[in-house]
1. Pulled fully out, how much extra length does the chain show between residue 2 and residue 44, if you take 0.36 nm times their separation in residues and subtract their Cα-Cα distance?
2. When a footprinting reagent is the concern and you count Cβ atoms within 10 Å, what order do 108, 87 take, fewest first?
3. Return the FRET efficiency for the residue pair residue 19, residue 57: r is the Cβ-Cβ distance, R0 is 25 Å, and the value is rounded to the nearest 0.05.
4. Using only the alpha carbons, work out the radius of gyration and Dmax of the chain in angstrom.
Ligand SMILES: [Zn+2]
């Protein structure tokens, strides 16, 4: 029997970490203020701009992780935790140990990743 509570605690903790990372990113980004769109003026510091782009990429990555984490928490509530969202097979226990918020089995995750890449 899987120790779901242990995973729930781990995932909640990860969620907290990611949320604080996103907050910190927003604080550090010189262009992040919500009411100010990114306006590139002549003479805008290139390094600052690059910093902003890096922040956006990082933030998007964190948001993706956060989505997955929230889905994993939902699955815990629904009682479907540990079952792949795609093929409905059990996710390998070792994989869950390494990545508690995993909602797909390794095979499906790879397929989804590849699918995303080929669409672009
Ligand atoms: Zn699967």
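1. Length difference between fully extended and current span is 9.7 nm.
2. On the way: 108 18, 87 13.
In order of increasing Cβ crowding within 10 Å: 87, 108.
3. Working: r = 18 Å, r/R0 = 0.72.
That pair, residue 19 with residue 57, gives E of 0.85.
4. So, for the chain, Rg and Dmax equal 18.1, 62 Å respectively.
Quick note: the coordinates plus some simple rules give every number you see, no bench work behind them. None of the values given here were measured: they were computed from a predicted structure. Heads up, the Cβs are rebuilt from the backbone with ideal geometry, glycines too, and the neighbour counts pull from every protein chain shown.
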